[in-house]
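The values are calculated or read from the model by the stated rules, or taken from the named source; none is laboratory data. All of these numbers come straight from a predicted model, not from anything done at the bench. Ideal geometry is used to build each Cβ from the backbone, glycine not excepted, and the neighbour counts take in all protein chains shown.
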Amino acid sequence: MRPGGVADLLELRALAAIPLLSSDGPLGLVLCGHPEPRTRWRPGTRELLSQLALEGTVVVDNARLRAVERYDATHDALTGLLNRKAFLDALESQIGHAKRSGSTIAVLLLDLDRFKEVNDYLGHLHGDALLVDVAARLQSSLRQEDSLARLGGDEFALMLTTGATRSGAEVVAAKIAASLDAAFEVGGHTLHVDASVGVALYPDHALDATGLLQRADTAMYTAKGSGMGSAVYDCSVEGRAAEALGLLGELRRALQGTRELRLHYQPKIDLRTGHVSGVEALVRWAHPRHGLLGPDRFVPLAEETGLVRTLTSFVVPEALAQVRSWQELGIDLRVAVNISARDVSDKELPAKVAQWLDNEGVEGRSLVVEVTERTVMDDRSHAAGALESLPVDEIKIDRQFLCLGRSRRSVIRSIIALGHDLDMRVVAEGVETQEHAEWLARMGCDEAQGYHFSRPLPAVELERWIASAPDEPGWLNVAARD
């Protein structure tokens, strides 16, 4: 026996120890001591100690198992954060305390923008790895007293009990956004992640845990739809959200062959010859109650829900069928169609487009696929990779540059020069005046479109518009037609 050890403390002259052993390794020791020195223990004593060790092992193993079960029941298996049930229980408990003390609580709900494309494009293993890294970033940016949970998928929730005011929650939302600024390295891929954050406050917005989470969810979708990054719950949004859900259901029905969706075509003018060089197909919805709706009313809804791929599967074949009809009339026009980030990340898209072209007997040169800069920026972790394999041969100047007037003309000149250096055609949209058209032509812009030439027209009206143009139109003489 070692002097000063357990035996000395208990004034024992003899000590026997039997280990507690489990399948995972040693758990501890069963000790038996005696105040008199001895070299041997009676057989009954040894058997008793062995039985105690066996039963002790079972007790300790069961206690550890229950602890693991309690942890698993309250924590997310992937990230180690609290799970939905534990978060709601903790929030309900904190609400009870807040009622008694008159304090406030803030709930922040966030999800990762376009996370689904990470899984679709890179696979679920990479998606899970990204979630683990995001959880670690979020945890490191928060205070010790803040409660962070993963509710499921790419959705996280945060409860603030200190500084739980509107301004305090907005500061935390900004910290969350800042924590995600740096790129993530996942499986050899560099991924950029943005999040949308919704904020709801107790007692201002709801009086129970479920209600607070629902209000934060509404605010989160407000943030996502506005592109602001974060938003505090606004009760007036509830009505708009209900209207949007109704519109979404009607859009699903419209895509099932009701013939309510139709294409209008805006001509593109060759600024050197004045002739129509092509058209852009723009979808419209002849809604039975709301009248003719522009794409800004329903395309964002389709993009948020994934319905945009179904919409694309309507627009592209419809546009190609119209190209074939025009070719049969002797009208040879290229048609441009817009695709979204979800389309770009669709690995089957090239095969689909090839099939649509084949179905209509139209050559690929007659189709232009337009990808907006917003698509690339919003989904840069996937869109950029997909774009590397696409033959980009045209660059488009957004209408906002023309609307900003002379102050942005140096930018437009640079875009035109860059496009030509890269052997690309340069197209300007949103041309509203004769001055715009003349200046763009002098700068060497190849094509232009806008209301100065024509608004988007149904196919039959566009045919009449083309037929009414003079045989030798100089672009300066192309007047606005309505």
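Descriptive notes on the structure:
- Subset tally (residues that are of a type in the set (Gly, Ala, Ser) and without any contact (Cβ under 8 Å) to a residue 24 or more places away in the chain) for the range 91-124: 5
- Test: Leu207 is at pLDDT 90 or above, out of contact with any strand residue (DSSP E or B) (no Cβ under 8 Å at 6 or more places or on another chain), surrounded by fewer than 17 Cβ atoms within 10 Å (Cβ to Cβ) and hydrophobic (A, V, I, L, M, F, W, C): yes
- Helices (runs of 4 or more DSSP H) (entirely within the range 389-446) containing at least 2 residues that are within 32 Å of the chain's Cα centre (by Cα) and modelled with pLDDT of 85 or more: 409-421
- Condition check for Ser196: of a type in the set (S, T, N, Q), at negative phi, in contact with a Leu (Cβ under 8 Å, 6 or more places away or on another chain) and buried (at least 19 other Cβ atoms within 10 Å of the Cβ): yes
- Residue ID - surrounded by the fewest Cβ atoms within 10 Å (Cβ to Cβ), chosen from residues in the range 123-153 that are acidic (Asp, Glu) and modelled with pLDDT of 90 or more: Asp128
- Members of the range 253-283 that are without any contact (Cβ under 8 Å) to a residue 60 or more places away in the chain and either of a type in the set (Asp, Glu) or touching a helix residue (DSSP H, G or I) at 6+ places or on another chain (Cβ under 8 Å) (or both): Leu255, Glu260, Leu261, Ala281, Val283
- Positions within the range 311-353 being within 14 Å of Val279 (Cβ to Cβ) and of a type in the set (Ser, Thr, Tyr), in sequence order: Ser325
- Residue match in the range 297-309 (condition: on the phi > 0 side of the Ramachandran plot, free of Cβ contacts under 8 Å to residues at least 24 places away in the same chain and either surrounded by fewer than 20 Cβ atoms within 10 Å (Cβ to Cβ) or not aliphatic (A, V, I, L, M) (or both)): no
- The listed residue being in a loop (DSSP other than H, G, I, E, B), over 31 Å from the mean Cα position of the chain (by Cα) and not β-branched (Val, Ile, Thr), out of Arg259, Arg272: Arg272
- Counted residues, the range 191-209 - those being among the hydroxyl-bearing types (Ser, Thr, Tyr) and more than 27 Å from the chain's Cα centre (by Cα): 1
- Condition check for Asp358: assigned to a loop (DSSP other than H, G, I, E, B) and either surrounded by fewer than 19 Cβ atoms within 10 Å (Cβ to Cβ) or touching a residue at least 40 places away in the same chain (Cβ under 8 Å) (or both): no
- Qualifying positions in the range 182-214 - touching an Asp or Glu at 6+ places or on another chain (Cβ under 9 Å) and over 19 Å from Ala135 (Cβ atoms): Val199, Ala200, Tyr202, Asp208, Ala209, Thr210
- Pairing residues of the range 420-440 that are at negative phi with residues that are at pLDDT 90 or above and among the polar types (S, T, N, Q), at Cβ distances under 8 Å and at least 6 apart in sequence or on separate chains, gives Val427/Gln449; Ala428/Gln449; Glu429/Gln449; Val431/Gln449.
- Residue in the range 363-383 that is surrounded by 14 or more Cβ atoms within 10 Å (Cβ to Cβ), of a type outside the set (Val, Ile, Thr), modelled with pLDDT of 80 or more and in a helix (DSSP H, G or I) present: yes
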